[in-house]
Amino acid sequence: MKVTMIGTGYVGLVTGTCFAESGNDVTCLDVDQKKVDLLNSGGVPIYEPGLTELVKRNAAAGRLEFSTNYAEAIEGAKCVFICVGTPQDDSGAADLKYVQSAAESMAPYLEPGAVVVCKSTVPVGTNRKVRGWIEAKTDTKFYSASNPEFLKEGAAIDDFTKPDRVVVGVDDEDAADVVHELYKPFLRTEKPFIAMGIESAEMVKYAANCMLATKISFINEMANICEQVNADINDVRKGIGHDARIGFSFLFPGVGYGGSCFPKDVRALASLAAEHGIEPRILRTVDETNNQQKNVLFNKINTYFDGDLNGKTIAIWGLSFKPRTDDIREAPSLVLINSLLEAGAVVQVSDPVAIENVQAELGDRVTYCEHHYDACANADALAIVTEWNEFRTPDFDYIKLKMKAPVIFDGRNLYDCKKMARRGFYYAGIGLSPAG
Ligand code: UGA
């Protein structure tokens with residue numbers, strides 16, 4: 001099937017590449033000439049494990065092309081996916097300017113009977129608007145569909161090729177059949193393809209992300225309570241997780257969720273609810289709780305040093321909002337670094353892949369260290385913000401030797417409290433009593 005992806009961000013590029021891998025003829029279109037040039041020369045503009053090889057293989061096989069030209073990309077396509085960004089505007093609502101521009105630009109070239117699938121996360125009701133924008137530019141008959149994406153950065157290819165479910169919102173069964181055809185190679189036994197109305201599919205995406213964000217804010221609140229009552233959140237998590245109604249996943253306490261999805265989607269759904277006269281109390285609280293949680297490490301460090309961080313050297317491990325990505329959008333690390341700098345601390349940071357992005361944002365206000373051990377040099381404390389695998393089993397004796405004092409604030413509960421005390425560290429995690 002000839003398939004076109006508009007937008008070569010995470011969703012567009014991963015989806016397009018995986019559809020090419022399953023034998024379709026895919027064109028990925030982007031208005032950014034630089035991005036398209038890079039992709040045509042074998043480069044990939046995002047860090048996503050496994051993606052570069054997959055892009056190269058399918059491009060070499062002639063199944064995956066990149067273009068800035070709408071006529072070329074859209075003509076003959078049976079399915080056109082809109083995968084452009086939906087940033088938030090000043091009110092927290094999703095800004096649809098890129099979606100509108102994609103809809104209007106594709107319209108003159110659409111084949112009769114093509115399915116226009118919106119994969120971007122858009123407020124409920126947007127697919128109807130997309131239809132209107134296209135219809136204003138062409139008389140060609142086409143189908144509309146909403147196909148929310150559930151992939152996670154850092155695990156995008158796996159998530160896409162082994163989905164738990166595929167959801168499609170349509171007005172017409174024929175459109176659902178076309179989309180189903182594309183996904184069949186990835187749907188293993190018992191993993192359903194769920195067709196529903198367009199608005200319901202749009203809502204599924206927000207409900208899923210908001211539920212996950214709610215779980216995280218919930219467990220973070222539990223962790224904060226645990227600290228005050230001498231309970232251990234790791235044990236509490238185990239104790240509740242065995243109840244199948246609760247489960248274990250997405251209940252890891254930490255430094256607050258970041259990234260380009262949860263913060264934006266929680267605010268966008270809250271804003272949509274308010275527009276419709278519903279006070280979104282849960283969503284607002286989830287957002288607020290998360291913003292506060294991003295200060296949790298700073299508050300602990302500041303208290304430990306009696307409110308005097310002036311001239312203290314703090315090492316930071318992990319800058320990206322989560323491991324296996326270089327994405328620093330809404331990253332808790334940035335909130336911590338800014339608070340530390342404001343308090344007069346000297347900050348030494350390290351991350352396996354995100355340093356360049358932080359450098360672009362913070363310039364020379366912090367010291368960048370290639371190896372995470374180097375960030376510990378002469379440090380009064382180490383703060384762990386992202387749970388990269390390379391931080392899980394460090395050489396503690398070496399760290400101790402490098403640091404001015406053996407003090408660790410762990411935002412991801414990577415180590416065992418008692419063992420850390422035995423190793424001679426002061427160790428404070430999230431939702432645990434500090435040890436040592
Ligand atoms: C999220 C969803 O998980 C995807 O299903 C969805 O498709 C995507 O948003 C999207 O809307 O595009 P992503 O933002 O890539 O994916 O990252 P996650 O792995 O979900 O992590 C989000 C944040 O939650 C991270 O900051 C992570 O550290 C935090 N988190 C996650 C926790 O603090 N605790 C947990 O137990 C899990």
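The values are calculated or read from the model by the stated rules, or taken from the named source; none is laboratory data. Note that this is a predicted model, so its numbers are computed, not measured. Cβ: placed from backbone, ideal geometry, glycine included. Neighbour counts: every protein chain shown.
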From the set of residues in segment 244-288 that are among the β-branched types (Val, Ile, Thr) and within 22 Å of PRO323 (Cα to Cα), which is farthest from the ligand (Cβ to nearest atom)?
VAL266
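Please determine, by comparing only the residues of segment 364-393 that are in a helix (DSSP H, G or I) and over 24 Å from the mean Cα position of the chain (by Cα), which one is nearest to LYS419 (Cα to Cα).
At the first step, the residues of segment 364-393 found to be in a helix (DSSP H, G or I) are 364-365, 372-375, 389-391.
Right, trim to over 24 Å from the mean Cα position of the chain (by Cα) and you get 364-365, 373-375.
Working: ASP364: 36, ARG365: 35, TYR373: 20, ASP374: 23, ALA375: 23 Å.
Applying the filter and picking the extreme gives TYR373.
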Just checking, does segment 192-209 include any residue being without any contact (Cβ under 8 Å) to a residue 24 or more places away in the chain, touching a Phe, Trp or Tyr at 6+ places or on another chain (Cβ under 9 Å) and more than 9 Å from the ligand (Cβ to nearest atom)?
no
Restricting to segment 24-35, name every residue that is within 20 Å of ALA156 (Cβ to Cβ) and surrounded by fewer than 23 Cβ atoms within 10 Å (Cβ to Cβ).
ASN24, ASP32, LYS35
Going by what's in this entry, would PHE250 be described as surrounded by fewer than 18 Cβ atoms within 10 Å (Cβ to Cβ), part of a loop (DSSP other than H, G, I, E, B) and under 19 Å from the mean Cα position of the chain (by Cα)?
yes
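Taking the residues in segment 1-23 that are touching a Leu at 6+ places or on another chain (Cβ under 9 Å) and not in a helix (DSSP H, G or I) as candidates, determine which candidate is surrounded by the fewest Cβ atoms within 10 Å (Cβ to Cβ).
Looking only at segment 1-23, we keep the residues that are touching a Leu at 6+ places or on another chain (Cβ under 9 Å), and these are 1, 3-8, 10-22.
Now restrict to residues that are not in a helix (DSSP H, G or I): 1, 3-8, 22.
Values: MET1: 14, VAL3: 23, THR4: 30, MET5: 32, ILE6: 29, GLY7: 26, THR8: 27, SER22: 16.
Looking at the filtered set, the residue picked out is MET1.
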Which residue out of VAL358, VAL349, VAL385 is in contact with a strand residue (DSSP E or B) (Cβ under 8 Å, 6 or more places away or on another chain), within 16 Å of the ligand (Cβ to nearest atom), under 10 Å from ILE316 (Cα atoms) and assigned by TED's automatic domain parsing to the domain that holds ARG422?
VAL385
Condition met for ASP380 (more than 27 Å from ARG329 (Cβ to Cβ), of a type in the set (Asp, Glu) and at pLDDT 95 or above)
yes
Under 23 Å from PRO185 (Cβ atoms) and more than 16 Å from the ligand (Cβ to nearest atom): is that true of ASP174 in this structure?
yes
Given the criteria loosely packed, with under 15 Cβ neighbours inside 10 Å and outside the structural domain of PRO45 (by TED's automatic domain parsing), does PHE262 qualify?
no
Scan segment 41-53 and tell me whether some residue there is crowded, with 19+ Cβ neighbours inside 10 Å and among the charged types (D, E, K, R).
yes
Hey, can you tell me all the residues within segment 220-243 that are within 16 Å of the ligand (Cβ to nearest atom) and within 14 Å of GLN293 (Cβ to Cβ)?
ASN220, GLU221, MET222, ALA223, ASN224, CYS226, ILE233
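Yes or no, residue by residue, for (1) buried (at least 19 other Cβ atoms within 10 Å of the Cβ); (2) more than 24 Å from PHE321 (Cβ to Cβ):
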{"residue": "LYS78", "(1), (2)": "no, yes"}
{"residue": "PHE81", "(1), (2)": "yes, yes"}
{"residue": "GLY85", "(1), (2)": "no, no"}
{"residue": "TYR109", "(1), (2)": "yes, yes"}
{"residue": "CYS118", "(1), (2)": "yes, yes"}
{"residue": "ILE134", "(1), (2)": "yes, yes"}
{"residue": "ARG165", "(1), (2)": "no, yes"}
{"residue": "VAL170", "(1), (2)": "yes, yes"}
Condition test on ASN338, is it polar (S, T, N, Q) and over 22 Å from VAL296 (Cα atoms)?
no
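Among the residues of segment 394-429, count how many are hydroxyl-bearing (Ser, Thr, Tyr) and either part of a loop (DSSP other than H, G, I, E, B) or at pLDDT below 95 (or both). If you could, list the steps in order and put the result at the bottom.
Just the residues of segment 394-429 that are hydroxyl-bearing (Ser, Thr, Tyr), to begin with: 398, 415, 426-427.
Narrowing further to those that are either part of a loop (DSSP other than H, G, I, E, B) or at pLDDT below 95 (or both): 415.
Residues that pass the stated criteria total 1.
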Tell me, yes or no, whether segment 170-180 has at least one residue that is at pLDDT 95 or above, closer than 22 Å to GLY50 by Cα, β-branched (Val, Ile, Thr) and not in a strand (DSSP E or B).
no
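Going residue by residue through segment 269-279, is there one that turns out to be within 26 Å of GLY85 (Cβ to Cβ), of a type outside the set (Ser, Thr, Tyr), more than 16 Å from the chain's Cα centre (by Cα) and in a loop (DSSP other than H, G, I, E, B)?
Taking segment 269-279 first, the residues within 26 Å of GLY85 (Cβ to Cβ) are 269-276.
Now drop any that are not of a type outside the set (Ser, Thr, Tyr), which leaves 269-270, 272-276.
Now restrict to residues that are more than 16 Å from the chain's Cα centre (by Cα): 269-270, 272-276.
Those left that are additionally in a loop (DSSP other than H, G, I, E, B): 276.
Looking for residues that are within 26 Å of GLY85 (Cβ to Cβ), of a type outside the set (Ser, Thr, Tyr), more than 16 Å from the chain's Cα centre (by Cα) and in a loop (DSSP other than H, G, I, E, B), one finds at least one in segment 269-279, hence yes.
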